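The values are calculated or read from the model by the stated rules, or taken from the named source; none is laboratory data. All figures in this text were calculated on a predicted structure; none of them were measured in a lab. Cβ atoms come from the backbone with ideal geometry, glycine included; neighbour counts cover every protein chain shown.
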Ligand code: HPA
C-alpha cells in the first residue's frame, strides 16, 4: 500500500485519532516482530494518514518494552515515509510548562538496555548513521509552518531528554538533566528517533507537555490524572495541525 502522506505515533493519552475518517485497520507483522497494536489508516482533511498507538490502544506496553523497531518497520512496510511522533513529556525549563506543544531539535539519550539499532541481528550491515540533527530538519520546519497556518501555538526547538522509566525521575535526576541542557523529559524519544534514521524514515517529534518535571515549576507531586487532563487540553488543535502537515 502507498499514498500515505503521514504516519503518526501516539503517546501517553493519545490512543486514537478521532478525526480519522473511513478507517481501515491493518495488523502488520514485521521482521522485528509485532508492533504495539493495529495500524489505523484513514483520511484526515483529505489526506491519507496512518496512526499507531506506541503503548498499545489500551496503554498496556511500558516505555522500556515498546518494540520500537517493529513499530517503525510496520509503518515503513505499509508505505509511510514520514513519521510524526507524539510524545507526552514533562517540562524542565521555563518555556515548557504544562499544555505547551513543542517541536524539539535535539535529544540526549539516558535510556539503557533497549534494542537501539536495526544492526542487532548477526550478519546485518553495520550502520553508523549521522545523527547530529536527530529530527529531520525539513519535517520540523513543516510542523512549524503547519502550526502557523492552523493557529496552533508551538515552541520551535528544545532538547528532549529520554529517560528509562517507567517511574518518573527524582529531583536530582531532573536537576542534572537541566544542567545537561534538557528542556523536556520523556521515556519514549529514544531509541525511536535513532531507529527512524537507520530505517531511512523522515521523523520529527511533537512533544506535549503534561506536567512540570520533578522539582520544576510548582514542584507538586505528578499524578496520572494531571498528565491525562493536560494532554487532552493541549491536543485540541492536533487534528488540524496533522491534516495541514499531511498536505505539505
Ligand atoms: N518524566 C518523564 N516522562 C514523562 C513525564 C515526566 O515528568 N511526564 C510525562 N511523561
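Quick notes on this structure:
- Hits in segment 221-235 - residues which are more than 12 Å from the ligand (Cβ to nearest atom) and over 17 Å from residue 103 (Cβ atoms): 225, 229, 232, 233
- Residues in segment 202-214 that are more than 10 Å from the ligand (Cβ to nearest atom) and surrounded by fewer than 21 Cβ atoms within 10 Å (Cβ to Cβ): 202 alone.
- Residue in segment 178-190 that is free of Cβ contacts under 8 Å to residues at least 60 places away in the same chain, surrounded by fewer than 24 Cβ atoms within 10 Å (Cβ to Cβ) and more than 9 Å from the ligand (Cβ to nearest atom) present: yes
- Of all residues in segment 236-248, those that are in contact (Cβ under 8 Å) with a residue 60 or more places away in the chain and either surrounded by fewer than 20 Cβ atoms within 10 Å (Cβ to Cβ) or on the phi > 0 side of the Ramachandran plot (or both) total 5.
- Within segment 87-99, tally of residues that are surrounded by 21 or more Cβ atoms within 10 Å (Cβ to Cβ) and either more than 12 Å from the ligand (Cβ to nearest atom) or closer than 11 Å to residue 201 by Cβ (or both): 0
- Residues located in segment 85-121, provided they are touching a helix residue (DSSP H, G or I) at 6+ places or on another chain (Cβ under 8 Å), assigned to a loop (DSSP other than H, G, I, E, B) and under 20 Å from residue 216 (Cβ atoms): 92, 93, 98, 99, 100, 110
- Contacts under 7 angstrom Cβ, first residue in segment 162-175 being within 20 Å of residue 191 (Cβ to Cβ) and modelled with pLDDT of 95 or more, partner near the ligand (Cβ under 9 Å from one of its atoms) and assigned to a strand (DSSP E or B), 6 or more apart: 162/186; 163/185; 169/185
- Being surrounded by fewer than 20 Cβ atoms within 10 Å (Cβ to Cβ) and free of Cβ contacts under 8 Å to residues at least 40 places away in the same chain is a property that residue 132 has.
- Every residue from segment 50-84 that is assigned to a helix (DSSP H, G or I) and buried (at least 19 other Cβ atoms within 10 Å of the Cβ): 63, 68, 69, 70, 71, 72, 73, 74, 75
- Test set (1) under 16 Å from the mean Cα position of the chain (by Cα); (2) part of a loop (DSSP other than H, G, I, E, B); (3) within 16 Å of the ligand (Cβ to nearest atom) - residue 161 fails condition number: (2)
- Each residue in segment 144-170 was checked for being under 20 Å from residue 227 (Cβ atoms) and buried (at least 22 other Cβ atoms within 10 Å of the Cβ), and 6 pass.
- Check on residue 196, in contact with a strand residue (DSSP E or B) (Cβ under 7 Å, 6 or more places away or on another chain) and in a helix (DSSP H, G or I): yes
- In segment 10-31, the qualifying residues are those that are assigned to a loop (DSSP other than H, G, I, E, B) and crowded, with 20+ Cβ neighbours inside 10 Å, and the one that is nearest to the chain's Cα centre (by Cα) is 11.
- Number of positions in segment 206-226 that are modelled with pLDDT of 95 or more, within 16 Å of residue 187 (Cα to Cα) and either in a helix (DSSP H, G or I) or touching a helix residue (DSSP H, G or I) at 6+ places or on another chain (Cβ under 9 Å) (or both): 7
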